[in-house]
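The values are calculated or read from the model by the stated rules, or taken from the named source; none is laboratory data. None of these values were measured; they are calculated from a predicted model. Cβ atoms come from the backbone with ideal geometry, glycine included; neighbour counts cover every protein chain shown. Heads up: the accessible areas ignore ligands, DNA and RNA and are worked out on the full protein's heavy atoms, side chains in. Shrake-Rupley method; radii C 1.70, N 1.55, O 1.52, S 1.80 Å.
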Amino acid sequence: MSTPNDSIKKTIIVALSLCVVCSVFVSTAAVGLKGVQQTNKKLDLQRNVLLAAGLVKPGEADKATVNAMFKQIEVRVVDLDTGEFTETDPATFDQRKASKDPAQSKVLKDDPASIKRLEKQAKVYLVRKEGKLESIILPIRGYGLWSTLYGFLALAPDANTVIGLGFYEHAETPGLGGEVDNPRWKGLWPGKEIFGDSGEVAIEVMKGAVDPSRPGAEHQIDGLAGATLTSVGVSNLVRFWVGDAGFGPFLDRIRKGGA
């Protein structure tokens, strides 16, 4: 006698069969789309490098434009301790993975950006025109209120004047800390100076609005309204990455004509 269709045994068999079929379908789709996902991820990173440097505008950053414009970017890997270029292939170097690998990173004791581990090497993106350095784009990251913010800081050839700042990954509160994506706020960064007269890191995101008539205003950016901790986080991470523990030695080499 056949088992009734509404029996527990048949219900379990059908459910398990459906799970197997769905699992196979999802796995096949994931494997098949992996290449597309990696390509899109690479394109998005390149787009954000160009946006930070002001080489493209948000509405113009389509695939064809990004691919064409990124060809003028020279990607190198530097030793953060010495600021010297390394022989590491930037095409295969994964900086995020390196930061989690004990063999390629170190634990930070002084950690204002709250990144825990610092990679020994990092990528830099250089724009040259007829052999002359035009801009320097640095990958930066650090903790805000709810998340680690990943972005790029673009500097002029003097390795001091900000060209632009942008974040491409974070989970800050929309309308508050998420205003790091606001074009108006990002527009406050160009022209600001990273270092003071004595070479100290002077750039800082303030609480409230900057008074342009007061000394030091050239180093200061308005804080994000209602997002004090995110503002502090951005200030800390930028100061960390341009400081001695981050790209400081590399920027010093640039200022001395070493790139």
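Observations
- Rg/Rh ratio calculated on Cα atoms of the stretch 57-145 (Kirkwood radius): 1.03
- Here the Gaussian network model covers the chain, with springs between Cα atoms less than 10 Å apart; of ILE140, ILE13, ILE115, ILE13 fluctuates the most.
- Local net charge near LEU149, Cβ-Cβ under 9 Å (Lys/Arg +1, Asp/Glu -1): -1
- Residues ASP211 and THR86, FRET efficiency given R0 of 30 Å [Cβ-Cβ distance, rounded to 0.05]: 0.10
- Rounded to the nearest 0.05, the FRET efficiency derived from the C-beta distance between ILE13 and ALA64 at R0 = 45 Å is 0.30.
- Normalised by 2.2 N^0.38 Å, where N is the number of residues, the C-alpha radius of gyration of the chain stands at 1.27.
- 18 Å Cα-Cα reach of LYS106 towards lysines, excluding residues that sit fewer than 8 places from it in its own chain: LYS97, LYS116, LYS120, LYS123
- Check: the chain dipole with +1 on Lys, Arg Cβ and -1 on Asp, Glu Cβ, in debye: 840 debye
- Its DSSP H runs of at least 4 residues, each contributing -39,500 (n - 2.57), put the calculated 222 nm mean residue ellipticity of the chain at -11000 deg cm²/dmol, to the nearest 500.
- Carbon-plus-sulfur accessible fraction, the chain (probe radius 1.4 Å, protein heavy atoms only): 56%.
- Å² per residue, accessible surface of the chain at 1.4 Å: 57 Å²
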